[in-house]
Amino acid sequence: MSMNRRTLVKAVAAGGALMGLSVLMPRAAMAAWAKEAFSASEQSAAIKALYGDDAPAESAEVILDAPDIAENGAVVPVSVSTGLANVESMSIFIENNPSPLAVQFMIPEGTQADVSTRVRMGKTTNVTAVVKADGKLYSATKEVKVTIGGCGG
């Protein structure tokens, strides 16, 4: 069999790219991805797609840390933590964004439920954290004022 250098390089590159994708995007993570929730255009629809018909109860045990005023909506720091037992997941919703579900964190058993990220916000709106613990939903909400929009604003 005769193989020129170009064919060999293409084959190695293609194989490496496929192997890299399988490492970066494991099948289990892809299977658990909540496509309907992430593509919902309204917060209530995103929560329903992610958690079903159960409504989260406002709880002082969910600590949502976000700035009162975000000078740049493109990079708004948000942290969520809780001392609740048996936390399964934590999600952050940006109410008036085109896609309100910003992120969902799956919390492995025995892990401290404390997450931080940066989100984009197009305008002043409510940020809501939803925590699923022991099969129940808990939430905290905070209004964040945005002076320069980050979602095309």
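Worth a mention:
- In region 100-121 there is no residue that is at pLDDT 95 or above, farther than 22 Å from residue 148 by Cα, of a type in the set (Gly, Ala, Ser) and surrounded by fewer than 15 Cβ atoms within 10 Å (Cβ to Cβ).
- Hits in region 127-144 (condition: more than 21 Å from residue 53 (Cβ to Cβ) and surrounded by fewer than 18 Cβ atoms within 10 Å (Cβ to Cβ)): 142, 143
- Residue pairs meeting the criteria (Cβ under 7 Å; at least 6 apart or on separate chains; first without any contact (Cβ under 8 Å) to a residue 60 or more places away in the chain, in region 33-47; second crowded, with 19+ Cβ neighbours inside 10 Å and not hydroxyl-bearing (Ser, Thr, Tyr)): 42/100; 46/37; 46/40; 46/93; 46/100; 46/101
- Considering (1) without any contact (Cβ under 8 Å) to a residue 12 or more places away in the chain; (2) touching a helix residue (DSSP H, G or I) at 6+ places or on another chain (Cβ under 6 Å), the lone condition that residue 100 does not fulfil carries the number (1).
The values are calculated or read from the model by the stated rules, or taken from the named source; none is laboratory data. This is a predicted model, so every value here is computed, not measured. Neighbour counts are summed over all protein chains in view; Cβ atoms, including those assigned to glycine, are modelled from backbone coordinates with ideal geometry.
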